[in-house]
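Written out below as structure tokens is the structure these notes cover.
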């Protein structure tokens, strides 16, 4: 966690940033046979409801622009986040710059992918993020985001180092 992190109000368990990369704004429309009918707004709504019940402050951000994602991660350094859930989209397989920004954020993170990238084209089977992630969730559709949040809630509730829960 960033040493400049701001303390949380007593009633909150923690603060989580959810970052979504290119084309995820088209969920529910783009290749539903691969990504399902659930929209990004549906995912954000479900995450927010679960986070609220658990006492987690949740912020979501999506951009089709690599630079905007990097800028959001830079800004997150001083905003007191405890954890990151990231679906880099196609940047998973191509962006060293986004990887560097994730690492510079000093946030423990879970990498989420809707489809099973290991059962797809060979170029999708490499991630610039997985080796640094606490864990990866792939192929479970929108449920993967909720599972990532459940893990974070458990880790923060048990006051564990998120990378060792």
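Each value in this text was obtained by applying a stated rule to the coordinates, not by laboratory testing. The structure displayed is predicted, hence computed values, not measured ones. When we count neighbours, we look across all protein chains shown, and the Cβ atoms used for this are built from the backbone with ideal geometry, even at glycine.
Structural remarks
- The calculated FRET efficiency for residue 120 paired with residue 75, based on their beta-carbon distance and R0 = 25 Å, is about 0.20.
- Degrees between helix 143-157 axis and first principal axis of the chain (Cα, 0 to 90, nearest 10): 20
- Report summary: the helix-based calculation at 222 nm, which adds -39500 (n - 2.57) for every DSSP H run with n ≥ 4 and divides by the residues of the chain, gives -10000 deg cm²/dmol.
- Virtual spin-label span in nm between residue 11 and residue 93, 7 Å along Cα→Cβ: 4.6
- Difference of contour (0.36 nm per residue) and Cα-Cα distance, residue 130 to residue 45: 28.0 nm
- Protection proxy ranking of 57-66, 103-112 - average other beta-carbon atoms within 10 Å, highest first: 103-112, 57-66
- Distance distribution P(r), the stretch 85-142, all Cα-Cα pairs, bin width 5 angstrom from 0: 4, 20, 34, 25, 12, 4, 0 percent.
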